[in-house]
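Read the structure below first, then the notes.
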Amino acid sequence: MKPGCDKSTLKSEFLLWPPDLFALTSCVLESSEAYLNLVSPRTEVDAWPPYGLTHEFHTHVLEVAKVWREQLELIAAPLKPEEFTGTLESKVPNEVCDEWDVFHAGITEDHEPQEATAVADDPSGKYLRSLVFLHAVADEVFSTPLTDSVLNQVFAKALSPTPEDRALAWAPQFPKPAPRVAGEEGLASSFWMTLSTISPRRARVLPKSHTPQVGLSLRSLSHHLAFVRSPIDIQWLPTSRSFPAAPSDLRVLLLPWPRYITRQDFRPSPFPPLDGSHGLHSYFEFLPPDRSARLHTTLSEHLDLVFDTIREEGSPIDLVVMPEGSLSASSRTDDLATLCAAIQRFGRPERDPQSGVAREGSPAPFFVVGCRNPVVAPGEHEGRRVHGAFGSNFLVIGRPSPSEQPYAFHYQSKHHRWKLDPAQIRQYGLSASLATDHEWFEAIDIPPRKLFLAQLNQLVTVCPLICEDLARQDPVGDVVRALGPTLVVALLLDGPQYRDRWASKHASVLSEDPGSSVLTLTSVGMIRRWTSAYATRRNVIGLWKDVTGLTRELEIDRESLGLILTLDVKTFPEYTVDGRIADRASAAPDAPRTQSKPTLVLREYVEVQVPPRMKL
């Protein structure tokens with residue numbers, strides 16, 4: 001806050017638009033840790049909820065949030081800039097203004113800002129009550145799904161990766177977000193997505209899917225909005241589809257390609273390192289050929305075989321997942337075009353509501369696949385000037401597009417390099433290619449970090465990660481926990497996904513806090529190379545963990561082509577520390593409820609078997 005600001009100035013800055021108010025209250029709550037008083041009151045007046053009335057507090061919050069949301073939705077026609085402030089001021093509910101006056105008195109004295117801890121130290125407790133009320137109302141304004149109202153359509157457009165959509169959403173109704181770097185106003189990548197009009201360099205406000213039910217942090221105090229401070233460029237991909245009803249299940253196709261990996265596929269980088277390592281480590285690249293020498297099966301032939309088999313079974317598919325580095329991107333559009341063409345030939349079968357028989361004609365599925373680029377000489381690389389000699393390791397999100405192009409592609413690079421130590425080199429049988437007298441780092445470029453959240457439908461949000469990014473919690477871990485995606489998908493270049501190996505341990509962190517379901521996937525080729533003196537090798541290509549505590553190893557037969565997971569969309573009660581519950585079914589019939597929070601639970605998985613007429 002600015003010294004010397006009066007109440008009307010602060011109100012015009014923070015009270016007109018709920019995400020701005022949420023950012024301010026989050027900042028005060030986080031810096032003061034005043035929310036600790038909600039569960040561990042210092043005095044009797046600090047006891048929460050106010051006067052012991054949990055039901056009444058939640059009801060009041062929902063009623064005020066509903067009024068504010070409805071008032072904002074009335075702003076359907078474009079406003080002139082001079083009409084913007086006055087119009088929004090008239091939409092703020094009186095209850096919000098009254099609580100703002102109380103809160104403002106607690107953080108200022110003689111028009112000068114006070115330390116945020118003044119809220120927590122107030123002996124009367126009234127400042128904290130007002131602060132939590134404002135925070136909760138701003139959160140509940142966005143309690144409806146993104147596609148359910150005019151307001152949330154503006155919300156979705158403001159988060160769109162398309163600059164034209166963002167401009168349409170922000171002007172003139174809402175101020176345009178500040179560019180990340182001065183002079184980048186014309187670049188599509190120059191904006192950090194945020195719902196708040198506050199500078200994104202300070203903080204961002206984004207939608208979230210889950211509220212953690214363990215631990216105690218600022219994340220425990222909201223159901224629908226997240227307060228994020230991170231250098232990571234977070235990109236929210238809202239769905240472009242409309243659904244007649246909320247889906248009750250999803251089907252995910254796992255393709256553990258490539259099926260064979262040789263030691264020659266791991267090789268020293270052809271260019272010397274330029275990082276002053278003093279010989280303590282070297283760089284390697286992973287670059288298997290496009291065609292399997294043993295199978296004589298190209299990627300196109302393999303995909304056609306998979307989708308032909310699925311079509312015969314009549315199984316609908318919502319999401320296709322392939323492991324880290326599974327596609328060669330030396331000619332990037334060719335491999336992605338091959339995948340897209342195979343998916344389009346397959347189509348997405350649609351169930352007949354009466355007979356239950358699948359029929360073709362519905363939209364193509366999303367896909368999340370791992371790609372790789374070979375090491376190139378220092379110079380211009382992926383549009384950036386790179387001093388060292390590096391390749392690329394990245395994932396591609398394929399999002400069905402309503403335009404002429406069937407898919408819109410979104411690229412997310414790996415955040416951390418894989419380090420192969422001598423023990424791992426021997427475990428994967430690579431000592432003939434990589435010396436075991438020192439360590440080897442993956443020769444990949446590390447561009448500015450980016451994280452995508454793709455909305456498959458109005459209930460399910462997917463957040464993909466690449467191998468090391470699941471294990472190294474900094475800096476992406478805090479962001480994932482803040483946003484609480486429905487499903488985290490980790491693409492791996494790893495051995496079998498046993499429940500006692502590293503991926504399972506790190507997946508447990510996210511399944512507990514924030515409560516996301518976690519899916520890992522590796523390739524059959526890497527499993528074949530893995531050896532251990534302590535475990536028998538099995539074809540466990542993936543691992544599933546969810547909030548129910550279920551840990552399921554996803555094992556396939558040696559001849560199988562992949563797996564189809566059937567995931568049920570369930571709702572479980574989620575509470576905030578101020579006593580608000582997000583559940584429709586488990587609360588008392590007359591209890592106030594906000595929007596239910598969906599969770600994915602594994603129902604079953606079936607193998608995609610090789611047709612009897614074919615033999616690998």
Quiz prompt | Residue check, residue 514 buried (at least 24 other Cβ atoms within 10 Å of the Cβ), closer than 24 Å to residue 215 by Cα, of a type outside the set (Gly, Ala, Ser) and in contact with a strand residue (DSSP E or B) (Cβ under 7 Å, 6 or more places away or on another chain) | solution = no
Quiz item: For residue 60, all conditions in the list (1) modelled with pLDDT under 80; (2) closer than 13 Å to residue 136 by Cα hold save one; what is the number of the exception?
Solution: (1)
Quiz item: (1) open to solvent by 30 Å² or more (accessible area, probe 1.4 Å); (2) within 19 Å of residue 606 (Cβ to Cβ): which one isn't true of residue 528, the others all being true?
Solution: (2)
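Taking the stated definitions as given, is residue 380 assigned to a strand (DSSP E or B) and modelled with pLDDT under 70? Before you say what the answer is, go through the steps one by one.
Details: assigned to a strand (DSSP E or B): yes; modelled with pLDDT under 70: yes.
Yes: the conditions hold for residue 380.
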Self-check item: Selection from region 498-511 of residues that are of a type outside the set (A, V, I, L, M, F, W, C), within 24 Å of residue 223 (Cβ to Cβ) and open to solvent by less than 30 Å² (accessible area, probe 1.4 Å)
Solution: 511
Self-check item: Residue among 206, 195 that alone is in a loop (DSSP other than H, G, I, E, B) and at pLDDT 65 or above
Solution: 195
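At pLDDT below 75 and in a helix (DSSP H, G or I), is that true of residue 333?
It is true that residue 333 is at pLDDT below 75 and in a helix (DSSP H, G or I).
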Quiz item: Any residue in region 471-488 that is more than 18 Å from residue 226 (Cβ to Cβ), open to solvent by less than 10 Å² (accessible area, probe 1.4 Å) and in a strand (DSSP E or B)?
Solution: no
Practice problem: Say whether the condition of being at pLDDT 95 or above, open to solvent by 10 Å² or more (accessible area, probe 1.4 Å) and closer than 27 Å to residue 206 by Cα is met by at least one residue in region 539-547. | Solution: yes
Quiz item: Only one of (1) basic (Lys, Arg); (2) modelled with pLDDT of 65 or more; (3) surrounded by 14 or more Cβ atoms within 10 Å (Cβ to Cβ) is not met by residue 348, so which one is it?
Solution: (2)
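The values are calculated or read from the model by the stated rules, or taken from the named source; none is laboratory data. None of the values given here were measured: they were computed from a predicted structure. When we count neighbours, we look across all protein chains shown, and the Cβ atoms used for this are built from the backbone with ideal geometry, even at glycine. Keep in mind that these areas ignore ligands, DNA and RNA; they rest on the heavy atoms of the full protein, side chains included. Shrake-Rupley method; radii C 1.70, N 1.55, O 1.52, S 1.80 Å.
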